Amino acid sequence: MLSIDLITVPYDTGRRGWRMGAGPQALLRAGLMQTLRSAGHDVELIPVESTAAGDDLSTSFDLATKVARVARSSRASRRFPLTLSGNCFSTIGSFGSVDPEATGVLWLDAHGDLNTPETSTSGFLDGMSAAALLGWCHVDRTRDMLAAPLAESRLMLAGTRDLDPAESAALQKSSVRMLSAEDAKDETAAAAALDAFAAGITSLYLHVDLDVLDPERVGRANEFASPGGLTSQDVVRLANAAASRLNFAGMTLSAYDPAMDTGGAVGRAALEIIAAVVTAAAEIDHFTTQ
């Protein structure tokens, strides 16, 4: 049995309940809490709301700061922080609850999220999430929630297949690790990559942007979905392989737009992924308060 704080952040680009911001409530309506409780887990719902007035940037950092406070409290109470968020940016807050020297981040996403304000062609803050986690941008705003930026070698992008040219260039110059969608599907290749990644760290924060899923074989998670992705079984297998090597420090599941998921397959995949991660984290050796 696992004690879980289910942290909901129903915002997309600073707007509550819009587009991917509708995802957390859709998963709750689909019975997520009942599923987890039926499996014997203690689940508390903790909604996070923004009180910031103004632009997307202010709202997003207000939300991330509040997520950081909740996640710190969760881990101090030996509860597992499980964040459902419209945007990937909430992971910056969640990561603020862990020891950055001992923890790596497995970032499952169709996109790199490695843009900065200088390189982004759209200005979409969510596309800067991993970059901000690494301290490549917005350092003045993340300083209060992160003990330290994540070291590049402690970030592994998995299932990533849609990179902007500037992201590819930055990635090649960095020590960020990359597990392609094809290698993520290959148990031998994934195992070798995880073995190397696990060296020198003891715990793992898992970030799952649902557009890591293949829109043709599973369904369309959001309007940014790209072909060539993973199935829910691929994600579960990768998560279980990671859990056999590292303690789970927490999880974010983000970027689900129920309006795009016309057949409901992505929502079902999300529930399957969450249930599998919680099952792995429920084993005593797979949860740490570091």
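Of all beta bridges DSSP finds with both residues in the chain, what is the antiparallel percent, to the nearest 5? Could you put the intermediate results ahead of the total?
Values: 2 of 41 bridges.
Of all bridge pairs located within the chain, approximately 5 percent are antiparallel.
How high is the FRET efficiency between GLU187 and THR121 when r is their beta carbon distance and R₀ equals 41 Å, given to the nearest 0.05? Please list the in-between numbers first.
Working: r = 36 Å, r/R0 = 0.89.
Plugging the Cβ-Cβ distance into 1/(1 + (r/R0)^6) gives 0.65.
Given a Förster distance of 45 angstrom, what is the FRET efficiency for GLU216 paired with SER73, based on the Cβ-Cβ distance and rounded to 0.05?
On the way: r = 41 Å, r/R0 = 0.91.
So, using R0 = 45 Å, E works out to roughly 0.65.
Add -39500 (n - 2.57) for each DSSP H run of 4 or more in the chain, then divide by its residues: what number comes out at 222 nm, to the nearest 500 deg cm²/dmol? Please list the in-between numbers first.
Values: 11 runs with 105 residues, N = 290.
Dividing the helical sum by the residues of the chain leaves -10500 deg cm²/dmol.
Where in the chain are the DSSP H helices whose alpha-carbon span along the long axis reaches 27 Å or more and whose Kyte-Doolittle mean is at least -0.5?
Membrane-span-like by this criterion, though nothing is claimed about a membrane: 56-76.
What Rg and what Dmax come out for the chain when only alpha-carbon atoms are used, in angstroms?
Rg, Dmax (Cα atoms, Å): 16.9, 49.
With a cut-off of at most 16 other beta carbons within 10 Å, and DSSP calling the residue loop, which trypsin sites (Lys or Arg not before Pro) in the stretch 192-249 qualify? Please list them. Could you put the intermediate results ahead of the total?
Working: sites: ARG217, ARG220, ARG237, ARG245; in loops: ARG217, ARG220, ARG245.
Passing sites in the stretch 192-249 are ARG217, ARG245.
Could you tell me what percent of the accessible area of the chain is made up of carbon and sulfur, with a 1.4 Å probe and every protein chain present?
Details: 5330 of 10850 Å².
About 49 percent, which is the carbon plus sulfur part of the accessible surface.
Please identify the trypsin sites (Lys or Arg not before Pro) of the stretch 1-79 that satisfy two criteria: DSSP loop assignment and at most 12 other Cβ atoms within 10 Å. Which are they?
Numbers: sites: ARG15, ARG16, ARG19, ARG29, ARG37, LYS66, ARG69, ARG72, ARG75, ARG78, ARG79; in loops: ARG78, ARG79.
In loop regions of the stretch 1-79 (DSSP not H, G, I, E or B), the sparsely surrounded trypsin sites (Lys or Arg not before Pro) are ARG78.
If you roll a 1.4 Å probe over the heavy atoms of the protein chains, what accessible area per residue do you get for the stretch 112-235, in Å²?
Details: 5050 Å² over 124 residues.
Per-residue value: 41 Å².
With every protein chain present, what is the per residue accessible area of the stretch 1-83 (1.4 Å probe, Å²)? The partial results should precede the final answer.
Numbers: 3520 Å² over 83 residues.
Per residue, the stretch 1-83 has an accessible area of 42 Å².
Please compute the contact order of the stretch 217-289 in relative form: average sequence separation of alpha-carbon pairs under 8 Å and at least six residues apart, divided by the residue count, as a percent.
Numbers: 64 pairs, mean separation 34.9, N = 73.
The value is 48 percent.
The values are calculated or read from the model by the stated rules, or taken from the named source; none is laboratory data. A quick note: this is a predicted structure, and the numbers were derived from the prediction, not measured. Heads up, the Cβs are rebuilt from the backbone with ideal geometry, glycines too, and the neighbour counts pull from every protein chain shown. In case anyone asks, the SASA skips ligands and DNA or RNA and just uses the protein heavy atoms, side chains included. Shrake-Rupley method; radii C 1.70, N 1.55, O 1.52, S 1.80 Å.
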